[in-house]
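Undergrad: For reference, the structure I am asking about is given below.
Bear in mind these aren't lab numbers, they're just calculated from the coordinates by the rules spelled out. Values in this document were obtained by computation on a predicted structure and should not be read as measured data. Here the Cβ is made from the backbone with ideal geometry for all residues, glycine too, and neighbour counts use every protein chain on show.
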């Protein structure tokens with residue numbers, strides 16, 4: 001199955017389950033190229049890109065499907081907070097960009113989904129987050 | 001934010017709902033009666049009710065989760081019980097620490113309840129790299145009137161402390177947490193009862209703790225449990241541990257719970273069976289200082305201290321007898337007793353034994369993981385039941401109202417038996433002297449039908465014995481039914497599921513192979529019969545010999561265990577047992593007519609006399625079956641006795657002070673025999689009367 005089909009399938013499954021999907025890029029050497037391809041496919045399917053935790057909170061609030069591509073060595077701690085609280089439908093974090101204090105978003109996890117994109121190396125460097133993850137696809 | 005009535009999703013997931021009924025007739029608050037509901041969850045305008053426990057709703061806030069997040073969440077029985085326990089902690093304002101595995105529903109329960117209760121949900125995960133800014137708060141530079149100023153922004157924990165809500169401290173025993181150093185001093189101050197807390201991050205601001213602020217914590221077991229490793233978790237010190245009501249939970253969901261949740265989520269209608277005894281209802285919230293005026297409270301205060309001391313001794317030290325499989329050290333300090341007293345004051349509804357049992361179940365039984373430990377605590381609780389002295393006016397016997405009451409009680413008993421049986425034993429309505437039974441026996445006329453029935457029974461029993469013993473049966477002659485048995489007795493026993501069997505008085509040897517012996521007699525019996533160096537055996541050396549003669553035995557199926565609520569089917573002895581409990585001849589129990597009695601209690605002369613009257617026999621004829629007889633009749637006629645997971649007492653004595661029991665399907669059913677102190681009562685242990693006739 002090619003990348004496009006696999007991603008289409010993943011979107012369909014996480015969309016129905018209302019869960020967090022995970023795409024793992026196995027080969028570190030091909031990471032950048034794969035990231036681009038995967039992002040392009042997701043964009044094509046109408047899944048928006050969230051660059052940071054604040055954009056993630058925006059999308060959750062709007063109930064819009066999105067993906068988050070991790071660019072640092074391991075999953076961002078604030079993203080881990082969001083992932084861990086996803087099923088309770090409430091995330092509350094300080095707005096570090098606008099310095100406006102605690103920002104809380106409430107949403108229905110059953111009506112939305114999002115997809116994380118990490119390399120195998122990033123997955124291994126990250127804290128325990130698998131228990132909060134739904135379907136996984138690897139490339 | 002205000003939620004509308006009946007908006008809750010739980011009304012949809014509550015599959016088995018009883019009608020609103022009054023479940024505790026002893027309540028002293030008639031106003032409360034009207035509100036008693038046996039719905040597993042109920043949302044009203046101002047309260048949410050979790051298996052009876054009413055929790056007032058909060059005042060809302062930014063951190064109240066959306067109810068919609070839990071729409072698809074299917075609740076199992078365990079989920080309802082967990083919510084009841086959390087609800088109890090909230091109404092007692094006693095912090096609750098849940099120790100169990102990951103993914104068993106702790107977080108969902110707290111978040112879900114916050115949504116129901118319209119109160120802030122604040123989760124602080126000690127095991128993650130949660131920042132101080134998010135939890136406590138931070139200062140940011142802002143421009144106010146053209147000047148740069150530092151503005152403080154509350155984190156979620158501080159928000160909940162100021163505005164009310166539930167702080168859920170997850171992975172509470174995680175070592176090396178980055179935020180523990182900031183959060184723990186605040187939590188410690190609250191646990192110590194301070195009304196304000198100091199926030200060093202904001203120039204030591206003194207924040208008043210909102211009266212609706214509550215604490216619930218969760219943790220994985222420290223170290224390794226059931227082969228599962230939980231690295232980085234520490235054993236809490238007794239000072240920290242003692243501040244919480246500690247509930248030990250399973251490491252993972254039971255298979256049944258997993259399946260029910262999956263099937264339920266898929267839309268299958270799963271019946272959830274929550275019994276009345278699993279509901280808790282608040283009482284009048286009596287001031288703790290006034291409890292002592294209530295009969296039985298002083299008794300229980302003393303007994304509970306004895307129980308706690310016993311548990312402390314058995315649950316600590318290297319050679320501890322209890323909590324052996326628990327790494328977290330249990331501690332029992334005065335805060336625990338305060339919590340128990342608060343529970344009693346809040347939940348007392350007129351039944352002193354009930355409220356203390358529930359309180360000690362909540363605070364003590366729940367501390368233990370193994371069912372055996374739990375049962376030991378429950379047994380200690382049951383042994384401590386308060387038996388009120390007979391009231392003075394009853395002793396005088398002159399008070400008109402008391403006479404009326406007694407007459408009413410008697411009539412109630414008769415009505416219940418009438419309803420259950422369609423007939424009334426003479427021992428209740430008529431002359432209660434033994435002589436009347438004797439007279440009935442001696443004067444009852446025989447009839448051709450009775451003679452025929454006796455012959456048929458003799459014949460059928462001969463056939464059954466042939467089937468069981470095979471060739472050995474050739475040497476067995478089944479004698480006629482004893483002449484002392486009357487037609488009336490015969491009919492009465494038949495109607496009440498008692499039947500005569502012939503026991504041939506032969507020895508069942510270890511190596512015997514009889515065609516009907518599907519389940520062999522326990523090897524334990526043969527081991528215990530062996531004599532030691534001093535020539536003594538643990539049980540009588542004739543324990544494998546069947547009694548010789550006709551035996552009348554209760555043929556009812558042995559019930560399946562149901563949390564101690566199981567009853568024997570259509571039980572003629574239920575009203576008798578209830579009456580014996582009323583008279584204080586046997587200890588109280590949650591099901592008043594339950595066969596949950598000790599072997600000693602069964603063998604009390606007054607108790608045997610009462611049973612004998614109810615069964616129309618002589619007291620000296622009544623006994624319990626020997627293990628060998630239970631095995632024999634079970635194999636011959638009642639294999640179903642071995643298919644249920646309850647136990648029954650046997651007549652056999654085991655060394656001093658113990659008696660045999662068995663029958664548990666989980667341990668071998670008809671084959672199984674074990675021993676226990678004859679004074680013990682277990683909620684899985686009942687009895688089956690048997691009656692011997694002269695040969």
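Undergrad: Rounded to the nearest Å, what's the spacing between the alpha carbon centres of the range A:69-139 and the range B:52-67? Just the number, please.
TA: Answer, in whole Å: 26.
Undergrad: Starting from the Cα of residue B:262, step 7 Å along the direction of its Cβ; do the same at residue B:447; then give the gap between the two resulting points in nm.
TA: My value for the distance between the label points is 5.9 nm.
Undergrad: Additional query: Over the Cα atoms, compute the radius of gyration (one decimal) and Dmax (the largest Cα-Cα distance, rounded to a whole number) for chain B, in Å.
TA: According to the Cα coordinates of chain B, Rg and Dmax are 30.4, 115 Å.
Undergrad: Here's a follow-up. Please compute, for peptide B:68-76, the average count of beta-carbon atoms on other protein chains lying within 10 Å of each residue's beta-carbon.
TA: So the per-residue partner count for this stretch is 4.
Undergrad: So, one more: Highest first, please rank the peptides B:357-363, B:553-559 by the mean number of other Cβ atoms sitting within 10 Å of their residues.
TA: Final packing ranking: B:357-363, B:553-559.
Undergrad: Next question. Among B:59-65, B:653-659, what's the highest-first ranking by average C-beta atoms within 10 angstrom per residue?
TA: B:59-65, B:653-659
Undergrad: More than 14 Å apart: what percent of Cα pairs in the range B:297-373 qualify?
TA: Of all Cα-Cα pairs in the range B:297-373, 61 percent lie more than 14 Å apart.
Undergrad: Let me ask something else. Quick check: the angle from helix B:334-347's long axis to the longest principal axis of chain B, C-alpha only, nearest 10 degrees?
TA: Orientation of helix B:334-347: about 70 degrees from the principal axis.
Undergrad: Next question. As I understand it, the value is the acute angle between the Cα axis of helix B:106-117 and the longest principal axis of the Cα atoms of chain B; what does it come to in degrees, rounded to 10?
TA: 70 degrees
Undergrad: What's the average, rounded to a whole number, of partner chain beta-carbon atoms within 10 Å of each residue's beta-carbon in A:123-129?
TA: Averaged over the peptide's residues, the number is 1.
Undergrad: Here's another thing I want to ask about it. Quick one: if the Förster radius is 30 Å, what FRET efficiency do residue B:189 and residue B:312 give, using the C-beta to C-beta distance and rounding to 0.05?
TA: 0.65
Undergrad: Same structure again: Treating the range A:3-138 as a set of equal point scatterers at the Cα positions, no solvent, please give the Debye-formula log₁₀ I(q)/I(0) at q = 0.16 Å⁻¹.
TA: Treating every Cα as an identical point scatterer, log10 I(q)/I(0) equals -0.78.
Undergrad: Count the DSSP beta bridges whose two residues both fall in the protein assembly as shown, then state the antiparallel fraction as a percent rounded to the nearest 5.
TA: Expressed as a percentage, antiparallel bridges in the protein assembly as shown total about 60.
Undergrad: To the nearest 10 degrees, how steeply does helix B:371-383 sit against the main Cα axis of chain B, on a 0 to 90 scale?
TA: 70 degrees
Undergrad: Averaged over B:110-122, how many beta carbons belonging to a partner chain fall within 10 Å of each residue's beta carbon?
TA: 2
Undergrad: Given the DSSP H assignment, sum -39500 (n - 2.57) over each helix run of at least 4 residues in the protein assembly as shown and divide by its residue total; what's the result at 222 nm in deg cm²/dmol, nearest 500?
TA: Theoretical 222 nm ellipticity from helices: -11000 deg cm²/dmol.
Undergrad: Multiplying the sequence separation of residue B:151 and residue B:458 by 0.36 nm and subtracting their Cα-Cα distance, what value in nm do you get?
TA: 100.9 nm
Undergrad: What shape does the range B:172-264 have by the C-alpha gyration tensor, where a ≥ b ≥ c are the square roots of the eigenvalues, rounded means a/c under 1.5, and otherwise prolate means a/b greater than b/c and oblate the rest?
TA: prolate
Undergrad: Now, a different point. What shape does the protein assembly as shown have by the C-alpha gyration tensor, where a ≥ b ≥ c are the square roots of the eigenvalues, rounded means a/c under 1.5, and otherwise prolate means a/b greater than b/c and oblate the rest?
TA: Note, shape of the protein assembly as shown comes out prolate.
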